[in-house]
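Please read the structure below before turning to the comments.
The values are calculated or read from the model by the stated rules, or taken from the named source; none is laboratory data. Since the model is a prediction, treat every value here as computed from it, not as a measurement. Cβ placement follows ideal geometry from the backbone for every residue including glycine, while neighbour counts extend to all protein chains displayed. Just so you know, the surface numbers come from the protein's heavy atoms only, side chains and all, with ligands and any DNA or RNA stripped out. Shrake-Rupley method; radii C 1.70, N 1.55, O 1.52, S 1.80 Å.
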Amino acid sequence: MLLLAICNRCHTDIGIIGGSGLDDPQNQILNCRTVITREDAKNDFGLPSSDLYQGNINGVDVVLLSRHGPGHKISPTAVNYRANIEALRLAGCTHILASAACGSLQECIHKGQLVVPDSFIDRTIKRHVTLYDGTSSKYAGVCHMPMEPAFSSEMSKILFEAGKELEYDIRNGGTVAVIEGPRFSSKAESNALRLWGGDLVGMTTCPEVYLAKEAGLLYAIIAMATDYDCWKSCEETVHAADVVTLFKQNVNKVTNLLVRAIKIIGEKNWDKEIDDLQELCRSSNVST
């Protein structure tokens with residue numbers, strides 16, 4: 001069974017996973033107090049993508065991690081998602097806020113718009129998809145974790161409300177289709193994802209979202225639409241350099257939103273949500 005050692009239950013620690021364009025999140029929003037090196041953060045699943053930067057934002061303890069490592073040198077497939085999640089849990093995090101650059105699969109989601117996804121379609125094929133595979137004694141047995149809701153509803157609501165308070169163009173809800181990468185979709189694939197109900201397409205939300213849930217961590221993501229993939233004939237086909245450029249042009253929106261959301265999260269008591277998720281982890285483990 002999962003052993004979660006979270007002390008000071010009324011205390012909230014938030015892990016932030018920075019994606020494309022937010023590769024050095026500690027330079028964006030945090031006055032770093034402590035750095036835990038990758039080597040010191042190594043756990044049963046291996047090395048996390050980057051050092052962990054511990055500090056405080058609006059009175060809330062925060063731990064920052066770069067998903068693709070310094071300089072964006074780790075491809076979506078090669079990210080050690082399990083080690084990242086476990087490193088944040090062991091650092092004391094009870095929540096995770098993540099950011100991601102995504103392609104828009106819908107006419108109504110335009111470039112630069114922020115989206116708070118509420119579901120996903122997982123089309124990845126080469127990743128470790130569970131913590132419960134015998135790698136770690138902390139995650140013994142077989143866990144059949146429900147994925148509805150996929151993301152923390154309360155945290156997603158806070159992200160959306162923070163965006164509205166800041167008067168940003170933000171959409172509440174949407175399905176992110178996650179492909180293996182690192183290549184982008186063909187036009188046929190892009191249109192197929194649209195037919196399946198995808199609103200966004202990205203490369204990193206899975207398995208991150210469901211590994212966090214298995215670890216008992218409340219998880220939500222803010223996505224930015226940076227392109228129209230390749231389905232929209234009147235637009236230029238997606239190009240990696242353009243994606244990063246547009247994200248960096250709007251990175252202040254993402255960081256401002258995270259700072260505001262962290263303040264709101266820190267003002268709330270999360271004991272019930274944490275207890276409910278931990279009970280779900282226990283009851284979803286069918287091994288005796």
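General remarks:
- When each of LYS73/LYS232; LYS164/LYS187; LYS164/LYS248; LYS138/LYS268; LYS42/LYS157 is checked by Cα-Cα distance, pairs over 31 Å: LYS164/LYS187; LYS42/LYS157
- Cβ-derived FRET efficiency at R0 51 Å, THR237 paired with ASN56, nearest 0.05: 0.75
- Potential lengthening of the chain between GLU180 and ILE125 amounts to 19.2 nm, from the contour at 0.36 nm per residue minus the alpha-carbon distance.
- Rounded accessible area of HIS11 (nearest 10 Å², 1.4 Å probe): 80 Å²
- Averaging the sequence gap over all C-alpha pairs within less than 8 Å and six or more residues apart, then dividing by the number of residues, gives the chain a relative contact order of 26 percent.
- For region 174-225, the relative contact order works out to 41 percent when only alpha carbon pairs closer than 8 Å and six or more residues apart are counted.
- Straightening the chain between GLU279 and LYS263 buys 3.1 nm, computed as 0.36 nm per residue apart minus the Cα-Cα spacing.
- Rounded FRET efficiency, nearest 0.05, which uses the C-beta distance separating LYS42 from CYS108 and R0 of 51 Å: 0.70
- FRET efficiency for GLN249 and HIS11, using Cβ-Cβ distance with R0 set to 45 Å, rounded to 0.05: 0.80
- Distance between region 252-274 and region 177-250 - C-alpha centres, whole angstrom: 24 Å
- A DSSP coil position with no more than 11 other Cβ atoms inside 10 Å describes the following GluC sites (Glu not before Pro) in region 27-136: GLU39, GLU107.
- Helix 81-90 vs. the chain, principal-axis angle (Cα, 0 to 90°, nearest 10): 40 degrees
- With both labels modelled 7 Å from their Cα along Cα-to-Cβ, the VAL35 to SER136 distance reads 2.4 nm.
- ASP122, ASP276, reordered so the largest accessible area comes first (probe 1.4 Å): ASP276, ASP122
- Length-normalised contact order of region 57-178 in % [C-alpha pairs under 8 Å, at least 6 apart]: 31 percent
- Only beta bridges with both residues in the chain are counted; by DSSP, about 30 percent of them are antiparallel.
- Placing pseudo-labels 7 Å out from each Cα toward the beta carbon at LYS187 and GLU165 gives an inter-label distance of 4.5 nm.
- The length gained on full extension between SER75 and MET145, counted as 0.36 nm times the residue separation minus their Cα-Cα distance, comes to 22.5 nm.
- Loop-located chymotrypsin sites (Phe, Trp or Tyr not before Pro) in region 171-236 (DSSP state not H, G, I, E or B) with no more than 14 neighbouring Cβ atoms inside 10 Å: TRP196.
- Charge sum, other residues only, whose C-beta stays under 11 Å from CYS206's C-beta, Lys/Arg counted +1 and Asp/Glu -1: -1
- Peptides 277-285, 64-72 ranked from most to least packed, by the mean per-residue count of other Cβ atoms within 10 Å: 64-72, 277-285.
- Selection of trypsin sites (Lys or Arg not before Pro), region 175-218, meeting DSSP coil and at most 11 other Cβ within 10 Å: ARG183
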